[in-house]
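What follows is one structure encoded as structure tokens, with my remarks underneath.
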Amino acid sequence: MTLEKFLTQAVSSWMSEEGPDSEIVLSTRIRLARNSKHYAFPTVFTEGEAKNVSAEVKKAMEHVEEPLELLQMNELKELQKRVLVEKHLISPNLAKNSTAAAVWLSEHENISIMVNEEDHLRIQCLYPGLQLKEALEKANQLDDVLEAQFDYAFDEKFGYLTTCPTNVGTGLRASVMMHLPGLMMTHQMNRIIPAIGQFGLVARGIYGEGSESLGNIFQISNQITLGKSEEDIVEDLLRVVHQIIAQEKAAREELVQTSGIRLEDRVFRSYGVLRYSRVIESKEAAKCLSDMRLGIDLGFIKDVPRTILNQLMILTQPGFLQQYAGGFLGPFDRDLRRASLIRERLEMDDSQYKGGTDL
Amino acid sequence: MLCQECQERPATLLFTKVVDGKKTEVHLCQVCAQDKGDTFLSNDASSFSFNNLLAGLLNISPVVQQAKQPQQTEHDQVRCDGCHLTFSQFLKLGKFGCSQCYESFRAQLPPILKRLHSGNKVHQGKVPARVGGTIHVKRKISELRLELKGLIEQEEFEQAATIRDQIRSLEKGMREQRGEHS
């Protein structure tokens, strides 16, 4: 299979689009947790109950306008599940549960509704760039349609009842994925992360372990789900994200002014590694991809599209590499594959940019 | 949320550790994160569980809990009518078994929820149209009452009267609805 064809199948189409503020915000996700009042939660439910939940969901789904495809976890191969996890379409938790666990996916993969994960229902909407309100509206629409058919567990005082007490109330998790190389390079993240916490929000690194973020990618999301309306939760997150965007922009400007040539050198070194290396580890790939993306944003690199970071971030993960290779790969083979996939992906743009002028 | 390590400062950092596909999350404050950051990363994954967190939120560390037997049995006695999960089992799991758990543990929950959600105890967000029942009307009435109070203070009596009538008709509607159901 050619890379181009693989890409059209592998990368969710929403990921190849640019959204508002996509210079710094890669994507937005809204998740609503819902449960049926008739059945025990997935923590303790019986297989029979699990099946009843998925049958009821199936019935309710008939009223959803968008065509959604049903994928049963026990019918998928391990590698297929891993790819879905890497695309953030399902959680690792869902991939492990096979008791009537399933996911409903929209064609563009911007809607994913998980069944029998930690909660009976997890409605997820994914959007490129910063589109919290749009994503919340979409999730609310889906929620309303499902609620008309499905008896939600709801309490006047506690709100939507969820399996985990950290989600009770709105059941809402709003999160924004941000690329923050400027704030990392100027060592401001250690100051910003604790400040974020005071607003009931939490920041976590995406690549790597702990607070260290190898690809300079952070996910900012709400921690509090009880006692605040959905709109307020999103509004507060939005305000903080806008401030972080402003600070990231200021940091980048400062970097260009104070260490312009060094920064340019760093960008092009990384670009060189991505273009020509033959073996590349995921850590190094994450670092170089972040540098290259910064170079694109700052105008040092002109002939590579911005969305390449979103794409390659996912494509260079083990599951995808193995799917592309068509089978299991050991760690060294993955590093080989990763390097060649990145090279091919960059070359694809060369031909696109040259051939694209006649459009 | 309080830091899981010192139980004093608010947690601002979330450590996520994945070992063999098993995810462990630790909430820490900046100070503890700097002190312990490295050890957390190399520690055994099982050393921090949601149990520690929830138990910590109740100010009962697992050790103290063992020492204070009466409290333990008290927690064992509270049991969900629906799925038969005991309150101690809930603490251990960090998860509810069914929607009725919330009803059965209603008395025990507020302090936990308060700590998890920065002091909030009552839902303020969306209300489902069908299952929500009269909550929509109740919220509308309390909004109107606030408005009414404001109008009276400003001596806008004509407008206040209209609002008062609106409240009355909403309340009447609710009474009738209740009458039908009973």
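Brief remarks follow.
- Residues of segment A:123-170 satisfying the condition of being within 17 Å of A:S229 (Cβ to Cβ) and away from chain B (no Cβ under 14 Å): A:L132, A:K133, A:A135
- Residue within segment A:252-267 that is among the polar types (S, T, N, Q) and buried (at least 19 other Cβ atoms within 10 Å of the Cβ) present: no
- Selected residue (criterion: least open to solvent (accessible area, probe 1.4 Å)) from residues of segment A:94-110 that are under 19 Å from the mean Cα position of the chain (by Cα) and farther than 16 Å from A:A60 by Cα: A:L94
- Residue that is nearest to B:E171 (Cα to Cα), among those in segment B:97-116 that are surrounded by fewer than 17 Cβ atoms within 10 Å (Cβ to Cβ) and in contact with a Lys or Arg (Cβ under 8 Å, 6 or more places away or on another chain): B:P110
- With respect to the stated conditions, B:E171 fails to be outside the structural domain of B:C3 (by TED's automatic domain parsing) and either modelled with pLDDT of 85 or more or small (G, A, S) (or both).
- Single condition B:G119 does not satisfy, out of (1) open to solvent by less than 50 Å² (accessible area, probe 1.4 Å); (2) more than 9 Å from chain A (Cβ to nearest Cβ): (2)
- Meets criteria (in contact (Cβ under 8 Å) with a residue 12 or more places away in the chain and touching a Pro at 6+ places or on another chain (Cβ under 8 Å)) for A:D119: yes
- Matching residues in segment B:122-145 - criterion: being open to solvent by 20 Å² or more (accessible area, probe 1.4 Å) and within 7 Å of chain A (Cβ to nearest Cβ): B:V122, B:Q124, B:K126, B:A129, B:R130, B:V131
For (1) in contact with an Asp or Glu (Cβ under 9 Å, 6 or more places away or on another chain); (2) of a type in the set (D, E, K, R); (3) not in a helix (DSSP H, G or I); (4) not assigned by TED's automatic domain parsing to the domain that holds B:A11, each residue gets a yes or a no:
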site: B:C83; (1), (2), (3), (4): no, no, yes, yes
site: B:F90; (1), (2), (3), (4): no, no, no, yes
site: B:P111; (1), (2), (3), (4): no, no, no, yes
site: B:H123; (1), (2), (3), (4): yes, no, yes, yes
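- Test: residue in segment A:88-99 that is within 29 Å of A:D155 (Cβ to Cβ) and away from every other protein chain (no Cβ under 14 Å): yes
- Annotation: of all residues in segment A:188-201 being closer than 13 Å to B:H117 by Cα and open to solvent by less than 50 Å² (accessible area, probe 1.4 Å), the one that is modelled with the highest pLDDT is A:L201.
- Hey, A:L237 more than 15 Å from A:V176 (Cβ to Cβ) and either away from every other protein chain (no Cβ under 14 Å) or of a type in the set (A, V, I, L, M) (or both) or not: no
The values are calculated or read from the model by the stated rules, or taken from the named source; none is laboratory data. Please read all numbers here as calculations on a predicted model, not as lab measurements. Positions of Cβ are generated from backbone atoms using ideal geometry, with glycine treated the same way; all protein chains shown enter the neighbour counts. Only protein heavy atoms, including side chains, enter the accessible area calculation; ligands, DNA and RNA are left aside. Shrake-Rupley method; radii C 1.70, N 1.55, O 1.52, S 1.80 Å.
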